[in-house]
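Read the structure below first, then the notes.
The values are calculated or read from the model by the stated rules, or taken from the named source; none is laboratory data. From a predicted model like this one, the values you see are computed outputs, not experimental measurements. Glycine gets a Cβ as well: all are built from the backbone with ideal geometry, and neighbour counts include every protein chain shown. The area values use the complete protein model at the heavy-atom level, side chains included, leaving out ligands, DNA and RNA. Shrake-Rupley method; radii C 1.70, N 1.55, O 1.52, S 1.80 Å.
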Amino acid sequence: MNKLNRYLPDQRFLILLNRFILRYDESNCNKQKIVKDAYLFCVGYFLKYQSDYENPHLQGATNIIAVLSSAILSPNFYTIPNTISLERVLYFYKFIVEYIIWNEYEVEKTFNSQKQSFEHVHSAKPKVEVRRRV
């Protein structure tokens with residue numbers, strides 16, 4: 001991810017999602033599995049890197065639509081170098097959004113369980129105290 005640090009967060013998100021989808025494409029997975037797992041990737045990325053942007057007025061899974069849509073509609077989308085093709089993200093975008101809309105109970109359940117496990121892991125980590133010698 002070091003090479004990706006030069007990109008803005010929404011650009012990084014799209015580039016990583018595209019890489020994720022390309023790996024699944026290479027392994028000849030069916031579209032439904034790619035969409036479900038891409039949603040799971042989006043949830044994980046959102047919880048780890050963008051949970052500060054969570055809109056309390058939206059349900060958990062709807063935040064994923066908001067983040068994904070804003071990344072694609074952002075002016076920063078057009079500043080990603082041409083050497084990085086985001087075709088697969090654009091192709092699967094509509095299927096991910098459709099999956100979230102038509103499977104509301106399942107995606108909300110997935111989002112909440114991932115959020116709980118994420119919070120549990122981060123609350124269980126011991127806080128390391130750095131002591132300075134004087």
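Pairs are defined by a Cβ separation below 7 Å, a sequence spacing of at least 6 or placement on different chains, a first member in region 40-69 that is without any contact (Cβ under 8 Å) to a residue 24 or more places away in the chain, and a second member that is surrounded by fewer than 18 Cβ atoms within 10 Å (Cβ to Cβ) and outside any loop (DSSP other than H, G, I, E, B); the pairs so defined are Asn55/Ala66; Leu58/Ala66.
Residues in region 65-118 that are among the charged types (D, E, K, R), in contact with a helix residue (DSSP H, G or I) (Cβ under 8 Å, 6 or more places away or on another chain) and farther than 19 Å from Tyr24 by Cβ: Glu104, Glu108, Lys115.
Under the condition of being within 20 Å of Arg23 (Cα to Cα) and either within 15 Å of the chain's Cα centre (by Cα) or open to solvent by 90 Å² or more (accessible area, probe 1.4 Å) (or both), the residues counted in region 75-85 number 2. Taking region 21-134 and the helices (runs of 4 or more DSSP H) fully enclosed by it, the elements with 3 or more residues that are among the acidic types (Asp, Glu) are at 104-124.
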